[in-house]
Every structure is written in C-alpha cells, then in structure tokens.
Amino acid sequence: MNRALAAVLMIMATPAAADPVADIKAARAAYNAAIAARDAAGVRAALGDNYVGIAGTGGEAIIGADSMAEYFARAFKTPGFLGFVRTPDVVTVAQPPLRAMERGRWSGGSASGMVSGEYLAVWVPTPQGWKLRSETFVTLANGAPGRP
C-alpha cells in the first residue's frame, strides 16, 4: 500500500475529536444527578483530586475532592435536605483545551429554606474525562421553603 493511501486510511480510522463543551455539560448533568440521587460516590467522581469549592452563603472553602464528597454525604443525611441544581449558562474551553470555564445559576437548600445564585467553575481534562478543579458559588437570594 502506498504512503498516501495509508495516511488517508489512518485519518479515516481516527475517531473525531470529542466535543469538550458537550462532555463538560454531560459531566455537570451527572454531578446534578448524583446530588439528586444522594450519591456521594457519584459526587466524588465529578471532582479532580485537587478540587477547591467556595460555599455560597458563608464563603467557606472546601479543600479536596474527598472533603466535598464528605460534605455531601453529611448533607444527604440531614432531614429536609432537598439538594442543589447547577445550570450552566456558558462553557468556554481554552485553546489548547487544557482547562474550561463554566458559568451558570444554582439553587437548592432544604425544607426550611432555599438559596440560589450564580457560580463559576473550572474544569480540567483528565484521562477519566473532564473533572472539576474548582467551583465558587455566590448566594444572591435566600428564599422561603420549597424545592430546588
């Protein structure tokens, strides 16, 4: 087989590049689903090892993926916990795609009160897919009891 034909066949056999925006949105959906299912292991799966989270109302730092998974494991056992939902508005991928920024809205809380606001997240590619490096939540509204 000549080199030109071999090169064309190799290009045709190479899978198309993944869509990082779609992959990140899918990872966010899986993270939301893990929260809804009260699945701490599913929450942990979305996070990179060096994850840092900044809570919305008090501004507490949650350092490490295991710490965030433990935070949710405790929250899942709290009576009246309703969960949290993060809704991306924008996902922007760096070129080259070594990181991505996600910005959106969030809401959640418990039967005793709801909170909502905006967030900014940083995603990084790993061999296991895109993982969250950091999230910063800003609480903009404290509401009455309800559902997220």
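Evaluate the range 114-135: report whether one residue or more is more than 16 Å from the chain's Cα centre (by Cα) and of a type in the set (Phe, Trp, Tyr). Please lay out each step first, then the result.
Keep residues of the range 114-135 that are more than 16 Å from the chain's Cα centre (by Cα), which gives 114-116, 127.
Adding the requirement that they be of a type in the set (Phe, Trp, Tyr) leaves none.
No, that holds for no residue.
Just checking, does the range 49-59 include any residue being surrounded by fewer than 17 Cβ atoms within 10 Å (Cβ to Cβ), farther than 17 Å from residue 131 by Cα and of a type in the set (Asp, Glu)?
no
Count, please, the residues in the range 40-67 that happen to be touching a Ser or Thr at 6+ places or on another chain (Cβ under 7 Å), of a type outside the set (Ser, Thr, Tyr) and modelled with pLDDT under 95.
1
Among the residues of the range 60-72, how many are touching a Phe, Trp or Tyr at 6+ places or on another chain (Cβ under 7 Å) and assigned to a loop (DSSP other than H, G, I, E, B)?
From the range 60-72, those touching a Phe, Trp or Tyr at 6+ places or on another chain (Cβ under 7 Å) are 62, 64-65, 68; that's our starting set.
From what's left, assigned to a loop (DSSP other than H, G, I, E, B): 64.
Going through the range 60-72 one residue at a time, the tally reaches 1.
Quick one: would you say residue 75 is without any contact (Cβ under 8 Å) to a residue 24 or more places away in the chain, over 24 Å from residue 23 (Cβ atoms) and in a helix (DSSP H, G or I)?
Numbers: without any contact (Cβ under 8 Å) to a residue 24 or more places away in the chain: yes; over 24 Å from residue 23 (Cβ atoms): yes; in a helix (DSSP H, G or I): yes.
Considered against the rule, which asks whether it is without any contact (Cβ under 8 Å) to a residue 24 or more places away in the chain, over 24 Å from residue 23 (Cβ atoms) and in a helix (DSSP H, G or I), residue 75 comes out as yes.
Please count how many residues of the range 40-59 are outside any helix (DSSP H, G or I) and within 21 Å of residue 102 (Cβ to Cβ). Walk me through it before giving the result.
Filtering the range 40-59 down to residues outside any helix (DSSP H, G or I) leaves 46-59.
Subset that is within 21 Å of residue 102 (Cβ to Cβ): 46-57, 59.
The total comes to 13.
Give me a count of the residues in the range 84-102 that are in a strand (DSSP E or B), more than 14 Å from residue 116 (Cα to Cα) and touching a residue at least 12 places away in the same chain (Cβ under 8 Å). Break it down stepwise before answering.
Going through the range 84-102, the residues in a strand (DSSP E or B) turn out to be 84-93, 100-102.
Going one step further and asking which of them are more than 14 Å from residue 116 (Cα to Cα), we end up with 89-93, 100-102.
So of that shortlist, the ones also touching a residue at least 12 places away in the same chain (Cβ under 8 Å) come out as 89-91, 93, 100-102.
The total comes to 7.
In the range 107-132, which residue that is assigned to a strand (DSSP E or B) and polar (S, T, N, Q) is modelled with the lowest pLDDT?
Of the range 107-132, the ones assigned to a strand (DSSP E or B) are 107-110, 113-126, 129-132.
Okay, now just the ones that are also polar (S, T, N, Q), so 107, 110, 116, 126.
Details: 107: 95, 110: 88, 116: 95, 126: 96.
Taking the candidates together, the pick is 110.
The values are calculated or read from the model by the stated rules, or taken from the named source; none is laboratory data. Everything numeric in this text was worked out from a predicted model, so none of it was measured. Positions of Cβ are generated from backbone atoms using ideal geometry, with glycine treated the same way; all protein chains shown enter the neighbour counts.
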